[in-house]
Amino acid sequence: MRQDWAQFPPHVLREYALLADGERGALCGPLGDIAWMCAPRWDSDAVVSTLIGGSGIYAVTPTDPCVWGGSYEPGSLIWRNRWVTSDSIIECRDALAYPGDPDHLVLLRRVLATEHEARVRVVLDLRAEFGRRRTSRIKRTGDGVVTAETGGLRIRWSGVKGVRQGPDGELTLTLVVPPGGWHDLTLEVSAGPLPDRRIPPLEAWSATARAWDEAVPEFAETVAPRDARHSYAVMRGMTRPGGGMVAATTLGVPERAEGGRNYDYRYVWLRDQAYAGLAAAVGEAHPLLDDAVAFASARLLEHGDAIVPAYRVDGGDLPSEVALDLPGYPGGRDIVGNWVNGQFQLDAVGDVLSMFAAAAGHDHLDSDGYQAAQIAVQIIERRWDEPEAGIWELTNAWWTESRLACVAGLRSLARQLSPTEGVRLSGLADAILARTSQRCLDERGFWLRGPEHRGTDASLLLPAVRGALPAHDPRTTATVEAVRRDLSQDGFVYRFQPDTRPLGEAEGAFLLCGFMMALAAWHQGRETEAFRWFERNRAACGTPGLLAEEYDVQQRQLRGNLPQAFVHAALLETAQRLVSPPVTD
């Protein structure tokens, strides 16, 4: 067993909190152990990779036995660990300074002794390149500052007077904070020379709290204001200013132990970006909508018909998959890069079109956006009848949901254009829907996954909500009933039935699909049922309120990379929709 795992073993996913500043993210466990952090950017190599069996750790942990809790400061990703020992209550306020600098990471940690003296053990051991590079060139000064390097990255750690250096470069400190007091630790990691000026902690904390307060709306007029606001904060923290939103912070966290489904999600999926934009467009237009539109527009303008499903946050191409030769998160594998860089996913183009239409409805679609929308329409015109990978990134086939997503996008945009242009788009939508109805309806009236794939798919709930069909169209109502009957269990929803095994044995329930079911029920005027689906799925989290892609219903555990941005987008959209009168045709 690796030494870091012996001291700070991995935790179940529901116990991790996210720190993020738009440029990168970190996961903090219940022992105050930051077990995952890439630097300087989202898809850079990790400098702390204990989460997947690598090396590196940054921990602030009580020296005495304790029980753990914590919470985010409202509308932010400022996390407060809270530990109760037999004779004290200790808090640690953690945040990446926000908004982040692309090349300069600043991690703030403040230890607070709320009533009695607080004693904590502090450990810092940054190791670049997923643990391959030790910390070197360590220099300590008399004023409690340490400078060092790892893998070409410069490090400065302040507030650590009395720190000790171990034989492998790890730095340790026992910190004693008097009753009612606090102590600040500031970690900087830079791709270039460190700034000459060290930002005072009080100044950094004040600027970060103020920036979060300005960045995240209240969402008071929703059915779950705290969770809606938190979901927006999560997506805001995972969105690079002027760039894209990563699908998740992590890589290689398994959907199922030894199931072979381990992916690197530190990139921007156009579909996820569209879901975030649509969620930010409900009621009024929030800044995340503009970011999503700008990113999608730039990719369409640059790549046109050669559009791919995902990109780096700066719009660059994804690297292909490689393994790191690490143990991986228990049950998973250490995969870097993503294989979707060679796919075409038609549904993503339709979803982006729906987002453009929502932006146009708020007068938030500029000339580049309109040009990108025309390119998306042209892609649909040329390619809607081709086999493609679909929403679940499977083998190329004639997936029903992809066609219906295009119908929804075309009809939504048609309502924002001139009558002449609108008629053309509506005619294309009608043609696609007619052909899809010919090929993809079960004899019982519900949508099949595809002409060659029996059974339905939970993703088929969403196009009707987006405007592909009326709420009470027989195909819509039959599909909702089929998903409820065949793909739901204990208030959660699975994607599809992959084989003859019972639900839950092949994979976990998809939280995204649970929120889709809530939206579908709302769309049909079933308000009570919609609330049931919503409440069940939003509760599938731990203390930090983060949601992963899947949920193991039997074991009540989150599965997959954390947090999954499109799940938080679906939560935010649903929380806003349910407060309005249902749309029933």
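Taking 0.36 nm per residue of sequence separation and removing the Cα-Cα distance, the Asp213/Val579 pair yields an extension gain of 129.4 nm. The GluC sites (Glu not before Pro) of region 270-329 that DSSP puts in a loop, and whose beta carbon has at most 14 other beta carbons within 10 Å, are Glu284.
Taking every DSSP helix (H) stretch of at least 4 residues in the chain, weighting each as -39,500 (n - 2.57) and dividing the sum by the residue count yields a mean residue ellipticity at 222 nm of -10000 deg cm²/dmol. Of the residues Cys406, Leu202, His183, the one whose Cα sits farthest towards the positive end of the charge dipole of the chain is His183 (charges of +1 on Lys and Arg Cβ, -1 on Asp and Glu Cβ, taken about the Cα centre).
Sparse packing (at most 15 other Cβ atoms within 10 Å of the Cβ) combined with a DSSP loop state is found for the following GluC sites (Glu not before Pro) in region 505-540: Glu505.
If you place +1 on the Cβ of every Lys and Arg and -1 on the Cβ of every Asp and Glu, how big does the dipole about the Cα centre of region 346-416 come out, in debye to the nearest 20? All intermediate terms of the calculation are to be shown ahead of the outcome.
On the way: 5 positive and 11 negative charges, 48 e Å.
With only Lys, Arg, Asp and Glu charged at Cβ, the dipole is about 240 debye.
Between the listed residues Trp447, Val253, Trp83, the Cα displaced farthest toward the positive end of the dipole of the chain, a dipole computed from Cβ unit charges relative to the Cα centre, is found at Trp83.
For a Förster distance of 30 Å, can you work out the FRET efficiency between the beta-carbons of Arg132 and Arg261, rounded to the nearest 0.05?
Numbers: r = 26 Å, r/R0 = 0.87.
So the FRET efficiency works out to roughly 0.70.
The residues of the chain expose, per residue, 36 Å² of accessible area to a 1.4 Å probe. Could you tell me the calculated FRET efficiency between Leu194 and Glu221, based on Cβ-Cβ distance and R0 = 41 angstrom, to the nearest 0.05? According to the calculation, E is roughly 0.35. Counting only Cβ charges, +1 for Lys and Arg and -1 for Asp and Glu, the dipole size of region 256-396 around its Cα centre is about 320 debye. A Cβ-based charge dipole, computed about the Cα centre of the chain with Lys and Arg at +1 and Asp and Glu at -1, lands at about 840 debye. Extending 7 Å from Cα along the Cβ direction at Glu481 and again at Gln557 yields two label points whose distance is 3.8 nm. Only one residue of Thr500, Ala389, Thr477 has its Cα farthest out toward the positive end of the dipole of region 388-529, where Lys and Arg carry +1 and Asp and Glu -1 on Cβ, and that residue is Thr477. A Förster radius of 51 Å combined with the Cβ-Cβ distance from Ala431 to Glu505 puts the calculated FRET efficiency at roughly 0.80. Just to be sure I understand, if you calculate Rg and Dmax of the Cα atoms in Å for this structure, which of [x] 26.4, 111; [y] 27.9, 86; [z] 24.2, 79 do you get? Comparing each candidate, only [z] matches the computed number.
The values are calculated or read from the model by the stated rules, or taken from the named source; none is laboratory data. Everything numeric in this text was worked out from a predicted model, so none of it was measured. Cβ sites come from the backbone with ideal geometry, for glycine too, and all protein chains shown count toward neighbours. In case anyone asks, the SASA skips ligands and DNA or RNA and just uses the protein heavy atoms, side chains included. Shrake-Rupley method; radii C 1.70, N 1.55, O 1.52, S 1.80 Å.
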